[in-house]
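The values are calculated or read from the model by the stated rules, or taken from the named source; none is laboratory data. Just so you know, these numbers come straight off a predicted model, no measurement behind them. Cβ placement follows ideal geometry from the backbone for every residue including glycine, while neighbour counts extend to all protein chains displayed. For the accessible areas, the whole protein counts, side chains as well, though only heavy atoms, and no ligand, DNA or RNA atoms are used. Shrake-Rupley method; radii C 1.70, N 1.55, O 1.52, S 1.80 Å.
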Amino acid sequence: MAKKTIIDAITKLYSKLGGNLSDVLGTRSNVNFMGTGKSSEPFLDMDLNIEALGALSQSKAVNELKSSVGFATADKLNDIQATKLLTNMQKMDEFYNPPAAPANITDLGTGTRDLDAKGLASLRGMTDETADVASTKALSDADRSGLMSRLDEIVKKKQTEAAAAKTTPFDEAVEYNARPEDVVQNLVDQKFGVGYFDNVGATPSKRGSAREFLVEALKKENPNQTNFSDIIEEVDVKAITEGGGGAAGDPLALVDKYFGPRVAEMIPSGASSEEIAIFTQRVLNNVVDANGLRPTDPRFDRLTARIIEDFARGGLAKILEV
């Protein structure tokens, strides 16, 4: 029988490695003493192959210990077998629970810093999936060669992916040395929306007239026909009445969207409220598309909008003379 101190060390180390003692206690109590000859348990007679261990996940390696530890807890081992089992378990513990690595250890393949042995094994692709290619015993030369070839492929793939994902110093320098005008434009786009100030030729007074025109058009109601308020989108109503909306909410852009580019060009700059009211009434009554439909019709074609003659000849001039 093995010494109690050795058995206690085995059970303690088995728990540390993640084993469940309830799975091994009493599991070999009905088996005869194994004696001094070779056993069927490699952990009791052979030195652990660290290279093979490197291809196994910790849970699978601990599972391989279950039978041998069961013999130990049932007092079925002699000192030699128990000592060999403990020695192999200590090697396993050193592999899976190594001392903390110095902070300056870096994997040159991927540039990953501050690695310990377990972290490096994980980086190299030592997962449960790759572990399945290895046997639970020491590998033969042929098996080891095939396993290492596959692991090399996994490592190269990981390195390629890591290299592709890395930002080069040149990329960082280009970003850092962005032109001042680009920085300003990015800030403007973030604040107001892309393209908000594209219409630089339009004066603030014309943009203000466009907003008053849209507000006036929303007010106009005719119980006998569809009104502008019936066809305009809710988000555009909010942009007109509350502001915002970026480039899409620009008053001149909204006039172009619903009435067409010709009407947008005719918006009087700096017109009074009375002039805007007259202008709005005449647009709603005197602008038609190629099919004769007015802007308040949902089928109105803004690109073929045209102005009826009496408005085109003198209407706008009359407005500006008021």
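Odds and ends about this structure:
- Cβ pairs under 6 Å, 6+ apart, first in region 45-59 and farther than 28 Å from residue 78 by Cβ, second hydrophobic (A, V, I, L, M, F, W, C) and surrounded by 17 or more Cβ atoms within 10 Å (Cβ to Cβ): 55/131; 55/134; 55/147; 57/131
- Residue 100, sole failed condition from (1) under 19 Å from residue 16 (Cβ atoms); (2) among the hydrophobic types (A, V, I, L, M, F, W, C); (3) at pLDDT 85 or above: (3)
- Verdict on residue 226 being touching a residue at least 60 places away in the same chain (Cβ under 8 Å), open to solvent by 20 Å² or more (accessible area, probe 1.4 Å) and more than 14 Å from residue 207 (Cβ to Cβ): yes
- Members of region 8-22 that are open to solvent by 40 Å² or more (accessible area, probe 1.4 Å) and assigned to a helix (DSSP H, G or I): 8, 12, 15, 16, 21, 22
- Flag for residue 280 being assigned to a loop (DSSP other than H, G, I, E, B), touching an Asp or Glu at 6+ places or on another chain (Cβ under 9 Å), touching a residue at least 12 places away in the same chain (Cβ under 8 Å) and among the hydroxyl-bearing types (Ser, Thr, Tyr): no
- Residue match in region 252-274 (condition: in contact (Cβ under 8 Å) with a residue 40 or more places away in the chain, of a type in the set (A, V, I, L, M), more than 15 Å from residue 206 (Cβ to Cβ) and surrounded by 14 or more Cβ atoms within 10 Å (Cβ to Cβ)): no
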